[in-house]
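Down below is the structure, laid out as structure tokens.
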Amino acid sequence: MAKSFFSLKSVKGWHHSIAGKITQFLLAGILIAFGAGACAGWGLIDSFSYQQWVHQAEANAQIITYIVRNVYTNVAVGTSSTGQITRIVSEHKIGDPDSVIQTGYNPVDVLALAAVQTRNPTWLFLYTPEKGFQGISNNSESTEEKISFKGQRATDALGNYYIGFASINGQDCFISAVPILTPSGEILGSLVSSIGNKKQLYAAYDAMLKKTLIILALILLGTLALVTLFMRRLFRPVPLLINSLTRIAHEQTDLITPYLDQDDEIGKLAAAIEKLRIAMVERDYLQRMQDMSQKMEYMAHHDSLTGFPNRASFSQALDKCIREMNQNGQSFNLLLIDLDNFKPVNDTFGHSAGDEVLIGVAQRLSLLLGPMDFAARLGGDEFAILQSVREDNCQEAGALSQKIVRALSIPFTYGSHSFAISCSVGIVTAPSQGNSATTLMINADLALYASKHSGRGCYHFFEDGMMMKHTNSVFVNQEIINGIDNNEFVLHYQPIIDLENETVCGYESLIRWNHPTKGLIFPDYFINIAEESGLIIRLGEWIIRQSCMAAAKWPESTKVAVNISAYQLHGPGLIDIIVDALKQSGLAANRLEIEVTESEKLDQSIALPVFRKIREMGISIAMDDLGTGYAALDYLLIYPFTRIKIARTLIMKLEQESASQYLVVMLIQFAQKYGMSVTAEGVETEQQRTILRRISCQNVQGYYYSRPLPEKDLEPTFGNKVIDGEICDVC
């Protein structure tokens, strides 16, 4: 870039640049100074030369008059106050026949003698009123010699003592002229001596002028070269600094501004540009954080798979409907929808097929909603609708439910497969069947349970008798109690992979229910009921103790991650349970990680002190399923999390949506900025792993590497590497 400062492309605008202006200023200064000095020098030389010429001309006048006086003894001379002979006085013209006879010299001989003495030409100009001045020279007796003066008549010049330039026979000469006068003052002629013609006299002067101009040209060229070199050195940083500003203007702020180490104006300019760059980086970071916060805020209230509002948003909408009902008497219906035969689709064809079905369900439901209706996905295969009532609660709810059952009974397709599912709907009307969120949800759940037990693919309104007939939650609670007492619950462990070296660095413990009649049940079926009933405290304590006991048998470098519920955080005794579990198992505190699901709303006044005590013990804390629930970025700043776990719903879109990649990158950068580690959940494909490696995600887990494994199957994976998505023994 520095070379381009003096490239041909920049020459056109050179005189507008700072370097050009400085160079022009210096050259102009040199020209003026040199010109003034040269003019003064030339003036002095010209004055000195003229004085020399005058002195020489005066000397010639003295010599020539001396010779004339010696030849013509009858003449007299007149002098000035300085003794300079200024005139010759004679009764007769010098050189007439009488004087030649008397002296024996003709005028040419006298002039020749004078020329020898002065070493310059001499002339005798005789004057007659009729013919004016006619002269002879030291070389010829011819009277053809002519003399004239610029700006004055010959009689005026030669009638007096004269020193200066005159034109003799058309040639300018510097002469001294001594007039020959009669005693009465009449002019008879003039003796003229030249010290040289004008061209000869000015030859040295012209040579000096030429040398002066050459010297000036050399000085200017040398100055230009020196200034150019100086400007190149001085202004070399300018193009780079301009380039830095241009990059900042285009929001390219990755490069540090050069020349920050210079202790001059360039360094100060570079420092100012660097401050601007840093400000732009911070502004860009804040903008990205704001964008991410908005996305997180949206995600906190929307299901990432279907785009429907989630359970948190649904709770807010339900509370709003109840307030409007109490204030304005606006009635509404609550519809709970649960998909029938959905689990076999997930188990047989995988999560991708199940996700496509859920997306299709959401799309079909959207087409059935009125302008004031509200639909949400509560989780899994459960949806809810808040229907605004115009006239009749039951009629409008029944009509909508019929459309829903009919629409969802149409088969769904996934690739070459077709799935025939149905749905069950439970309906509750407000305010006649409840005026609080808890009552309405319980009654709607009972109505849904009635639909499930009536053959599915239908809908039921809530009836008062259902409270006694259908006690599914109570039944499940008892089953959970029996399951704990009978050791029916087991833990499976999913490997967590370090992407840098592709090794297993830890495991997440996941609870399963080995039900005596229903087989292996996933936690989606019973965790919510356990939380509502308070059994999660007992069940959670069992999970913590069993996880610590298992991890104590693993290699020292391997950690275990345990999920806890917000109910456990808000309840008493969690810290004591963890301390006792570590003590009984002998597991080091730094090998335990507590995971809190983001979908659970936390009471800061209760949860924050608990988190701090956990961290003081040396136990790490992770926010699980980031991007699916209540929390926005402020959760990460409020609570002392050491790790974030990005939800599967975000990871599954990495291959299709650039927006998901951008959001995941921003989450990773945010975590790294605040010293948190990152784990990506639900990694199921090679491309997802490749993308996560490229964006510097630290840890991953998912079916691409391994399903959750029973404790007895873990030992072969300890200290092993991952090859082609499989956990392999490297020994």
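The values are calculated or read from the model by the stated rules, or taken from the named source; none is laboratory data. Since we're looking at a predicted model, the values are computed, not measured. FYI the Cβ positions are ideal-geometry reconstructions off the backbone, even for glycines, and counts take in every protein chain you see.
Looking at the range 282-294 only, could you name the residues that are surrounded by fewer than 19 Cβ atoms within 10 Å (Cβ to Cβ) and not polar (S, T, N, Q)? Scanning the range 282-294 gives Glu282, Arg283, Asp284, Tyr285, Leu286, Arg288, Met289, Asp291. When Gly675 is tested against (1) in contact with a helix residue (DSSP H, G or I) (Cβ under 9 Å, 6 or more places away or on another chain); (2) closer than 20 Å to Asn590 by Cα; (3) part of a loop (DSSP other than H, G, I, E, B), exactly one condition is not met: (1). One residue alone among Ala420, Ala430 is within 21 Å of Ala450 (Cα to Cα) and among the small types (Gly, Ala, Ser), and that residue is Ala430.
Selection of first residues in the range 96-110 that are in contact (Cβ under 8 Å) with a residue 40 or more places away in the chain and of second residues that are part of a helix (DSSP H, G or I), restricted to Cβ pairs under 8 Å at least 6 apart or on distinct chains, gives the following pairs, ordered by first then second residue: Val110/Ile67; Val110/Val68; Val110/Val71.
Any residue in the range 410-418 that is over 30 Å from Thr348 (Cα atoms) and at pLDDT 90 or above? Scanning the range 410-418, I find no residue that is over 30 Å from Thr348 (Cα atoms) and at pLDDT 90 or above, so the answer is no.
Of the residues Ile537, Ile575, Ile529, which single one is of a type in the set (Val, Ile, Thr) and either within 49 Å of the chain's Cα centre (by Cα) or assigned to a strand (DSSP E or B) (or both)? Only one candidate qualifies: Ile575.
Can you tell me which residue in the range 50-74 is surrounded by the most Cβ atoms within 10 Å (Cβ to Cβ), limited to those that are within 16 Å of Thr118 (Cα to Cα) and β-branched (Val, Ile, Thr)? My answer is Ile64.
Any residue at all in the range 421-428 that is out of contact with any His (no Cβ under 8 Å at 6 or more places or on another chain) and farther than 27 Å from Phe522 by Cα? Scanning the range 421-428 turns up at least one residue that is out of contact with any His (no Cβ under 8 Å at 6 or more places or on another chain) and farther than 27 Å from Phe522 by Cα. Restricting the first member to the range 440-458 and to residues that are in the same structural domain as Met325 (by TED's automatic domain parsing), and the second to residues that are part of a helix (DSSP H, G or I) and buried (at least 16 other Cβ atoms within 10 Å of the Cβ), the beta-carbon pairs closer than 7 Å and six or more apart or on different chains are Leu446/Met466; Ala447/Met466; Ala450/Met466; Gly457/Val405; Cys458/Val405; Cys458/Ser451. Picking from residues in the range 475-504 that are over 17 Å from Val562 (Cα atoms) and assigned to a strand (DSSP E or B), the one that is farthest from the chain's Cα centre (by Cα) is Thr503. Sort through Glu508, Glu488, Glu502 and tell me the only one that's in the same structural domain as Pro609 (by TED's automatic domain parsing), touching a strand residue (DSSP E or B) at 6+ places or on another chain (Cβ under 8 Å) and at positive phi. Answer to the check: Glu502. Highlighted here are the helices (runs of 4 or more DSSP H) found entirely within the range 87-176 that include at least 2 residues which are surrounded by fewer than 18 Cβ atoms within 10 Å (Cβ to Cβ), on the phi < 0 side of the Ramachandran plot and hydrophobic (A, V, I, L, M, F, W, C): 97-103, 107-118.
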